[in-house]
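All remarks here apply to the structure that follows.
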Amino acid sequence: MPAEPLSRPRIVAAAIDLIEREGADAVSMRRIAADLGVGVMSLYNHVPSKSALLDGVAEAVLSQIEFTDDPDAEWTDRVRMQARAFRQIAHHYPRCTMVVVSRQLSSTAGLLPVERALSTLRDAGFGGREAVRVLRVFIAYIVGSLLREVGVTPTFAPVHRPDIAVADADPLLFPQVSGLAGPLADCDHEAEFEFGLEMLIQAIAVQLKLYG
């Protein structure tokens, strides 16, 4: 069969595959060209730079988010659906998600989640500035949770570090840590995400009443 023609989607797909295998630091135009079996200069006919390639990766991942937003639902339910949709795609592309959150995207794929979130918050009754602030709080929470899940930030549940045992903490120096060694050593990421999401929604609901 003839080789698939070189194209921007094919180049971006190769970058996504590489990032998921080895991380974003492995990406270079030369490496992508080698993986595709083409000359490095041929890539520049479709992608002008590594930065543009990473933008393409972020846009490709974001475009796969499946929003099931219901405009007639309560704003709290809509926020839950949007947050869960982003988390779900992050499970499919955990390393590429780190690329997504590091890029400033102005494409349709990049702006659509922002538009949906702001529309939800404005429909709920937030003013423009307040809606932007609430959105940033949600983004900070979701990104922080995702970073924890992929092992970039502390989990307070060192299940991936067998050389670290919370239960071995000196109970005289760390009575709370020692006494709560069981819960600290256990982390159900989905349950933790839902717990934090509910706390955040409830706190924002209180703020909405204050603004009203």
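Assorted remarks:
- Only one of Glu66, Glu74, Glu115 that is open to solvent by 60 Å² or more (accessible area, probe 1.4 Å) and within 15 Å of the chain's Cα centre (by Cα): Glu66
- Considering segment 48-63, the residues that are touching a helix residue (DSSP H, G or I) at 6+ places or on another chain (Cβ under 7 Å) and open to solvent by less than 40 Å² (accessible area, probe 1.4 Å) include one that is farthest from Ala90 (Cα to Cα), namely Leu53.
- Taking the criterion of being at pLDDT below 85, of a type in the set (Asp, Glu) and not in a loop (DSSP other than H, G, I, E, B), the residues of segment 141-197 that qualify are Glu149, Asp168.
The values are calculated or read from the model by the stated rules, or taken from the named source; none is laboratory data. Only a predicted model underlies this, so the values are computations on that prediction, with no experimental measurement involved. Quick reminder, even Gly has a Cβ in these numbers, built from the backbone with ideal geometry, and neighbours come from all protein chains shown. What goes into the accessible areas is simple: the full protein's heavy atoms, side chains included, and nothing from ligands, DNA or RNA. Shrake-Rupley method; radii C 1.70, N 1.55, O 1.52, S 1.80 Å.
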